[in-house]
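Student: One structure is given below, represented as C-alpha cells, and several questions about it will come after.
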Amino acid sequence: MRSDRGQSAPIGLKLAATGGLLFLHLPILLIFVYAFTTEEKSFVWPPPGLTTQWFAITWNRPDVWQALSLSVRVAAISTAIALVLGTLCAAAVSRTKFFGRETISLLVILPIALPGIITGIALRSAFALAEIPFSFWTIVLGHATFCVVVVYNNAVARFRRTSGSMIEASMDLGADGFQTFRHVVLPNIATALLAGGMLAFALSFDEVIVTTFTAGQQQTVPIWMLEELIRPRQRPVTNVVAMVVVLVTLLPILAAYYLTRDGDQIAGSGK
Amino acid sequence: MSLDAAMPRATTPAILPGSGGLRGALSDLFWRRPQLLLLLMLLPPVLWLGIVYIGSLFALLLQSFFSIDEFSGLINREFTLKTYGDLLQAANLDIILRTVTMAALVTFASAVIAFPIAYYAARYARGRWKALFYLGVMLPLWSSYLVKIYAWKLILAKEGILTWLLAKLHLLWLLDAWLSLPIVGGNSLSVSSTGTFIVFVYVWLPFMILPVQAALERVPGNLVEASSDLGASPGQTFRNVLFPLALPGIVAGSIFTFSLTLGDYIIPQIIGTSRLFIGQAVYSQQGTAGNIPLAAAFTVVPIVIMGFYLWGAKRMGAFDAL
C-alpha cells in the first residue's frame with residue numbers, strides 16, 4: 001500500500017515537468033499556425049494575416065503528390081516485409097531456446113542502434129559495389145531492414161504474454177499446425193502486429209537519413225522536405241506539408257497506443 | 001451462462017479430423033521435427049538482415065582499408081592503413097572532438113530536463129494523467145523528425161517567435177550578448193552552435209525521458225519518505241537516494257542521446273554553423289568528394305565510441321533499465 005497517494009507534488013517539480021512538456025509540444029503546435037500565415041518570404045512572427053489559400057496551392061502541386069505517393073508505397077511494402085520477417089523472428093526467439101538466440105535479437109536491433117548514417121552509407125556502398133541502380137526497391141530494402149525491429153519488439157512482448165499451453169491445448173484437441181496458427185496464435189497476436197505495423201509505417205514514412213543514401217533522384221516526402229529546408233522555394237507550401245505530415249504520423253501512433261496499452265509496451269525505444 | 005453459450009457448438013465434434021494431404025503431412029512433419037520449423041522461421045529474417053545489413057556493413061568496413069588515388073580520384077583496392085592515417089589529421093580530429101563534445105553536452109542537458117518530467121510521471125501522475133504523460137512523450141518521439149527541425153527553424157529565425165518574445169520582455173540585449181560570444185554565437189540563433197544544441201536536445205529528449213521514467217517507476221515511494229523521515233533535506237534525498245537509483249535509467253537514455261547525436265548530419269546542416277560534425281563529414285566525403293574509403297573510416301569512429309560507451313553502460317547496469 002502506497003502511503004503517498006493523494007499527496008501532491010512540490011511546486012518546483014510541477015513547474016519543471018510542465019515546462020518540459022511544453023518545450024516538447026509548443027514547437028509542433030507552432031507549425032499549425034504557420035500553415036495559415038499570409039507571409040511568403042520569411043518566418044516572421046506574429047503572422048501578418050491568416051489565409052487558407054496555401055492548402056489549395058499545395059493541393060495542386062504535382063511534386064508533392066508524387067512524393068506522397070512514393071512515400072506511401074514504400075511504407076506499405078516495407079511494412080509488409082517487416083511484418084513477415086519480424087513476426088517469424090519473434091516467434092522463433094520467444095518459443096524456443098536455441099544456440100545464438102541472443103545474437104539474433106542483437107542482429108534485429110542493430111540497424112536501429114547504430115546511427116542511421118552508417119546503415120545508409122553501408123547500403124549505398126554495397127549497391128555501388130554490386131552495381132545495383134537506385135530504384136523503388138533500393139529504398140524498400142533499406143526501410144524494411146530497420147522496420148523489422150519495431151514489429152519484432154511488439155510481437156515479442158505479446159508472445160511473452162501468450163501462454164504456451166493454449167497452443168498445446170489446440171494441438172491436443174486435434175488441430176494441425178496451420179489451424180493452430182490460424183485460430184489460436186493469430187487472434188492472440190493480431191493487435192500487437194497491427195500496432196507494430198502502424199509504427200513501422202510511421203517510421204518508414206518519416207525516415208530521411210537512410211533514404212538520402214538509397215533513393216538516388218527519387219523524392220519521398222521527407223526528402224522533399226529536406227530539399228525545401230536546404231533550398232527553400234515556396235515556404236508556405238512547406239508549412240502546409242509539414243502540418244499534414246504531423247497529422248498523418250499522429251494517427252497511427254495514437255492507434256498503436258490504444259491497441260497495445262493493456263500492459264505491454266509499444267516499441268518506443270530506439271527509433 | 002457459459003454452458004448456454006457452449007451448447008450450439010456441441011453439435012460439431014470436439015476433435016477435428018486430420019486434414020490429410022500435403023498440408024497435413026507438412027503439419028505432422030513440423031510437429032515431429034520442431035528444429036525444422038525453427039529453422040524455416042529463422043531463415044528469412046536472418047538471410048535478409050545477414051545479407052542486406054551485415055553484408056553491407058562488412059563491405060563498408062572493408063572499404064575503409066582501401067585508399068583513394070589522389071590524382072585520378074579512383075579507389076585503389078589494396079589493403080592499406082593510409083586512410084586511417086588521413087583520419088588522424090588535425091582537421092578531422094577537430095571534427096571528432098566537436099561532435100563528441102556536442103554529444104556529451106546534449107546528453108547532460110537532456111538528462112537535466114528529462115528528470116523532472118520522468119519523476120513527476122512516475123511518482124505523482126495517476127490514471128488518466130499517467131496516460132496523458134505517456135502520450136505526451138510518445139507523440140513528440142514519433143512525430144516527424146524533419147518537421148521538428150523545421151519548427152525550430154521557424155522559432156530560431158531572426159524574425160521568428162523567439163526574438164519577438166525576447167523583444168516583448170525587453171531581453172534582446174541578452175540574446176545579442178550571447179550571440180556575440182565566440183564559438184557558441186553567430187549572426188542569429190539559427191546559424192549558431194547554440195541553435196544546433198537546442199535542436200539536438202529537443203529532438204532526442206523523449207529518448208531520455210522514457211528509460212529514466214522506467215527506472216524511477218521501480219523506486220518505491222516509501223524509500224523517499226523514509227529518507228525524509230530520517231531528516232534528510234529534499235536535496236539530500238535526491239543526491240543519496242533518488243539519483244543513484246535513477247542512474248541506470250539515465251545511462252540507458254544517454255546511449256540514445258549520445259549515439260544519435262554522434263551520427264546525425266541533418267540537424268547541424270540545417271541549423272548551425274559551417275563547422276562540420278562527423279555525420280556531415282561522412283556525407284560530404286562519400287558524396288561530393290567521392291572518397292568512400294575515408295567516409296568508411298569516419299563511420300568507424302562512432303562505432304568504436306559507441307562500442308566503448310555500451311561496454312561502460314553495461315557495467316553500470318543500464319541494460320536492465322531499457
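Student: Could you pull out every one of the helices (runs of 4 or more DSSP H) wholly within the range B:107-175 that has 1 or more residues that are over 30 Å from B:Ala313 (Cβ atoms) and within 24 Å of the chain's Cα centre (by Cα)?
Tutor: The qualifying helices (runs of 4 or more DSSP H) are B:128-142, B:145-156.
Student: Can you confirm whether the range A:136-145 contains a residue that is free of Cβ contacts under 8 Å to residues at least 24 places away in the same chain, assigned to a helix (DSSP H, G or I) and within 10 Å of chain B (Cβ to nearest Cβ)?
Tutor: No, the range A:136-145 has no match at all.
Student: In the range A:203-225, which residues are of a type in the set (Val, Ile, Thr), under 19 Å from A:Val240 (Cα atoms) and touching a Leu at 6+ places or on another chain (Cβ under 7 Å)?
Tutor: Across the range A:203-225, the qualifying residues are A:Val208, A:Thr220, A:Val221.
Student: Quick check on the range A:164-187: of everything there that is at pLDDT below 80 and within 18 Å of A:Cys89 (Cα to Cα), which residue is nearest to the other protein chains (Cβ to nearest Cβ)?
Tutor: A:Gly177
Student: Still on this structure, I have one more. Of everything in the range B:160-171, what is within 28 Å of A:Val208 (Cα to Cα) and within 7 Å of another protein chain (Cβ to nearest Cβ)? Give them in sequence order.
Tutor: Once the filter is applied, which keeps residues that are within 28 Å of A:Val208 (Cα to Cα) and within 7 Å of another protein chain (Cβ to nearest Cβ), the range B:160-171 yields B:Gly160, B:Ile161.
Listed here are the residues, each with its yes/no results for (1) more than 7 Å from chain A (Cβ to nearest Cβ); (2) more than 27 Å from A:Met225 (Cβ to Cβ); (3) among the β-branched types (Val, Ile, Thr); (4) in contact with a strand residue (DSSP E or B) (Cβ under 8 Å, 6 or more places away or on another chain).
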site: B:Tyr120; (1), (2), (3), (4): no, yes, no, no
site: B:Leu139; (1), (2), (3), (4): no, no, no, no
site: B:Trp152; (1), (2), (3), (4): no, no, no, no
site: B:Ile155; (1), (2), (3), (4): no, no, yes, no
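Student: Any residue in the range A:165-180 that is touching a residue at least 40 places away in the same chain (Cβ under 8 Å) and in contact with a helix residue (DSSP H, G or I) (Cβ under 8 Å, 6 or more places away or on another chain)?
Tutor: Within the range A:165-180, none of the residues are touching a residue at least 40 places away in the same chain (Cβ under 8 Å) and in contact with a helix residue (DSSP H, G or I) (Cβ under 8 Å, 6 or more places away or on another chain).
Student: Would you be able to tell me the number of residues in the range B:260-315 that are of a type in the set (Phe, Trp, Tyr), more than 15 Å from B:Ala103 (Cα to Cα) and in contact (Cβ under 8 Å) with a residue 24 or more places away in the chain?
Tutor: 1
Student: Does B:Leu181 meet the test of being in a helix (DSSP H, G or I) and of a type in the set (A, V, I, L, M)?
Tutor: Spelling it out, it is not the case that B:Leu181 is in a helix (DSSP H, G or I) and of a type in the set (A, V, I, L, M).
Student: Give me the residue from the range B:234-288 that is within 12 Å of another protein chain (Cβ to nearest Cβ) and part of a loop (DSSP other than H, G, I, E, B) and, out of that set, surrounded by the fewest Cβ atoms within 10 Å (Cβ to Cβ).
Tutor: Out of the qualifying residues, it is B:Gly287.
Student: I need a count of the residues in the range B:151-183 that are without any contact (Cβ under 8 Å) to a residue 12 or more places away in the chain and under 22 Å from B:Leu276 (Cβ atoms).
Tutor: Number of matching residues: 3.
Student: Looking at B:Ala125, B:Ala215, which one is more than 8 Å from chain A (Cβ to nearest Cβ), among the small types (Gly, Ala, Ser), touching a residue at least 12 places away in the same chain (Cβ under 8 Å) and under 30 Å from A:Leu254 (Cα atoms)?
Tutor: That would be B:Ala215, the only listed residue that is more than 8 Å from chain A (Cβ to nearest Cβ), among the small types (Gly, Ala, Ser), touching a residue at least 12 places away in the same chain (Cβ under 8 Å) and under 30 Å from A:Leu254 (Cα atoms).
Student: Let me ask something additional. Residues that are of a type outside the set (Gly, Ala, Ser), surrounded by 14 or more Cβ atoms within 10 Å (Cβ to Cβ) and facing another protein chain (nearest Cβ under 7 Å): which helices (runs of 4 or more DSSP H) entirely in the range A:1-113 hold 3 or more of them?
Tutor: A:11-34, A:62-95, A:101-113
Student: Ok, one more. Looking only at the range B:213-233, which residues are in a helix (DSSP H, G or I), closer than 16 Å to B:Tyr120 by Cα and out of contact with any helix residue (DSSP H, G or I) (no Cβ under 8 Å at 6 or more places or on another chain)?
Tutor: Hits for the range B:213-233 are B:Asn222, B:Glu225.
Student: Among the residues of the range B:75-85, is any buried (at least 20 other Cβ atoms within 10 Å of the Cβ) and at pLDDT below 85?
Tutor: The answer is yes, given that some residue of the range B:75-85 is buried (at least 20 other Cβ atoms within 10 Å of the Cβ) and at pLDDT below 85.
Student: I need a count of the residues in the range B:50-91 that are assigned to a helix (DSSP H, G or I) and not hydrophobic (A, V, I, L, M, F, W, C).
Tutor: Count: 10.
Student: Please verify whether B:Gly195 is more than 12 Å from chain A (Cβ to nearest Cβ), of a type in the set (Gly, Ala, Ser) and under 23 Å from the mean Cα position of the chain (by Cα), treating the condition exactly as stated.
Tutor: yes
Student: What's the number of the condition B:Val241 fails, among (1) without any contact (Cβ under 8 Å) to a residue 60 or more places away in the chain; (2) closer than 26 Å to B:Val301 by Cβ?
Tutor: (2)
The values are calculated or read from the model by the stated rules, or taken from the named source; none is laboratory data. This is a predicted model, so every value here is computed, not measured. Cβ atoms come from the backbone with ideal geometry, glycine included; neighbour counts cover every protein chain shown.
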